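This report concerns only the one structure given below.
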Amino acid sequence: MFEKRPVIALDFSSIEEVTSFLDKFPKEESLYCKIGMELFYQEGIEVVKLVKSYGHAVFLDLKLHDIPNTVKSAMRGIAKMGVDMVNVHAAGGVEMMQEALIGLQEGTRAGGVRPKLIAVTQLTSTSEEAMHTDQLIPVSITDSVVHYAKCTNLAGLDGVVSSAKEVALIKEATHKDFICLTPGIRPKGGEVGDQKRVMTPSEARKIGSDYIVVGRPITQAENPVVAYQKIKEDWSNA
């Protein structure tokens with residue numbers, strides 16, 4: 001139901017703003033919504049419940065990164081929220097990712113569907129220069145992303161978050177069903193903002209992205225519904 005469609009980043013700070021935004025869409029329009037740190041840390045599980053009450057899917061984007069047992073326990077609780085996808089930082093290591101997966105499996109109710117678990121490789125706001133100087137990683141950003149994808153696959157996770165530009169190499173290094181979720185998506189002619197590695201919806205689809213994440217071009221549009229439909233059409237018609 002929610003496969004292969006744009007994910008809307010709910011870049012809001014309150015549950016009231018989310019309600020106002022979702023109420024603009026027709027009831028029959030099934031959305032995939034990303035709830036990130038800003039919104040979740042303001043409103044907590046209530047905003048997850050709200051989005052699910054509309055019948056929409058939820059990607060809970062908290063980027064967990066801690067010692068393996070802590071992440072495992074956190075994931076056990078997240079699974080009980082009924083979200084559809086969640087993520088960790090691949091930099092936490094293979095063991096941490098394996099424990100995260102175990103936690104999700106343990107927290108999923110009997111007969112339920114385990115949330116998809118993906119890992120962040122390199123943030124699309126990170127330049128290669130910043131990766132070299134801030135993280136002291138001497139390889140190219142592409143090599144770093146593909147390495148993290150291999151580690152994520154080894155840990156048994158469902159996929160990664162990466163720039164669309166690395167998707168083909170990630171699929172080649174893992175397998176065709178390995179999820180590639182790509183933020184940094186902007187409509188043609190749209191503002192880049194704080195993203196460094198960007199692509200249009202159609203470009204991302206053609207290159208093999210499974211999901212794209214779009215925030216401000218939709219949430220800050222004069223008519224969010226029209227903006228979403230245009231992005232969805234660009235994605236679907238690629």
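Return yes when Glu95 is over 21 Å from Leu157 (Cβ atoms) and modelled with pLDDT of 95 or more and no when it is not. So Glu95 does not fit the description; no.
Tell me, which residue of segment 46-55 that is free of Cβ contacts under 8 Å to residues at least 40 places away in the same chain and under 18 Å from the mean Cα position of the chain (by Cα) is farthest from Leu117 (Cα to Cα)? Checked segment 46-55; the qualifying residue farthest from Leu117 (Cα to Cα) is Val47. Residue-level check: of (1) farther than 21 Å from Tyr32 by Cβ; (2) crowded, with 23+ Cβ neighbours inside 10 Å, Asp143 misses just (2). Within segment 134-151, residues that are without any contact (Cβ under 8 Å) to a residue 24 or more places away in the chain and farther than 17 Å from Ile179 by Cα reach no partner that is in a loop (DSSP other than H, G, I, E, B) and of a type in the set (Lys, Arg) with beta carbons closer than 7 Å at six or more positions or on different chains.
With the condition being surrounded by 19 or more Cβ atoms within 10 Å (Cβ to Cβ) and in contact with a Cys (Cβ under 9 Å, 6 or more places away or on another chain), I'd like the helices (runs of 4 or more DSSP H) fully within segment 43-128 carrying at least 1 qualifying residues. So the answer is 45-53, 94-107.
The values are calculated or read from the model by the stated rules, or taken from the named source; none is laboratory data. All values reported here derive from a predicted model rather than from experimental measurement. We place every Cβ from the backbone using ideal geometry, glycine too, and count neighbours over all the protein chains shown.
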